[in-house]
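Peer 1: Here it is, the structure in full.
The values are calculated or read from the model by the stated rules, or taken from the named source; none is laboratory data. What you see is a predicted model; the values in this text were computed from it and never measured. We place every Cβ from the backbone using ideal geometry, glycine too, and count neighbours over all the protein chains shown.
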Amino acid sequence: MACSGDVLGLPEVRRGDWVARGFYRLWLGRGLRLAPIVGVIAAGWHSWIVLQQWQADRQAQYVEQFNYECAARLPVADLRARMNEFGNINIKDLCLTGRDFFVSEPELERVRAGTMKFETTYHPFDVQGALIIGGFWAVLTALAALALLGVTFLGQWVWGFPATGRDDPE
């Protein structure tokens, strides 16, 4: 069904074309509104992963610090009996490690003097990484919405149906 454009001098337009434009505008708006939501979810997921890594690293740091302090309190004669050819001491059975844990005499001296620092490599929150991940996923979601609308438009062009959700072309 076509409208006559003779009254205002406009070209003829099929009714389905106006519906299709509204359809694309509606779904593009939905995709663009969904993009920041996906970005915030991705940034939250990244922050959660970084926090979990920090907690695991912090726990490993506490175990390492405990083992160094345990070895520093042991008598030097007991430690030298466990020294290997490289000058490292395996304190696996002396402290609560449960695995091979090698310390050296200079490290033990630094622990005894209180100058050895035990720090984690991770931080509890990565602001820059969260912003980058969130922005990346927001842009990716907007591009995916555009790609899906492009595929829908291509399908309409190939089969000649307007994007109204009906099977009958008018």
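Peer 1: Being assigned to a helix (DSSP H, G or I) and among the hydrophobic types (A, V, I, L, M, F, W, C) narrows it down to one of 94, 108, so name that one.
Peer 2: It is 108.
Peer 1: Hey, another quick one. Within the bounds of the stretch 85-92, is there any residue that is within 30 Å of the chain's Cα centre (by Cα) and crowded, with 16+ Cβ neighbours inside 10 Å?
Peer 2: no
Peer 1: Taking residue 43 as meeting all but one of (1) modelled with pLDDT of 85 or more; (2) exposed (fewer than 15 other Cβ atoms within 10 Å of the Cβ), write down the number of the exception.
Peer 2: Every condition holds for residue 43 apart from (2).
Peer 1: Hey, residue 145 hits all of (1) out of contact with any Lys or Arg (no Cβ under 8 Å at 6 or more places or on another chain); (2) outside any loop (DSSP other than H, G, I, E, B) but one; which does it fall short on?
Peer 2: Exception for residue 145: condition (1).
Peer 1: Is one or more of the residues making up the stretch 142-150 surrounded by fewer than 14 Cβ atoms within 10 Å (Cβ to Cβ), of a type outside the set (A, V, I, L, M, F, W, C), over 30 Å from residue 53 (Cα atoms) and at pLDDT 85 or above?
Peer 2: yes
Peer 1: Give the residue, chosen from 126, 100, 78, that is more than 38 Å from the chain's Cα centre (by Cα) and among the acidic types (Asp, Glu).
Peer 2: The conditions single out 78.
Peer 1: Given (1) at pLDDT below 85; (2) crowded, with 16+ Cβ neighbours inside 10 Å; (3) out of contact with any Lys or Arg (no Cβ under 8 Å at 6 or more places or on another chain); (4) of a type outside the set (Ser, Thr, Tyr), where does residue 119 come up short, assuming only one miss?
Peer 2: In the conditions (1) at pLDDT below 85; (2) crowded, with 16+ Cβ neighbours inside 10 Å; (3) out of contact with any Lys or Arg (no Cβ under 8 Å at 6 or more places or on another chain); (4) of a type outside the set (Ser, Thr, Tyr), residue 119 misses (2) alone.
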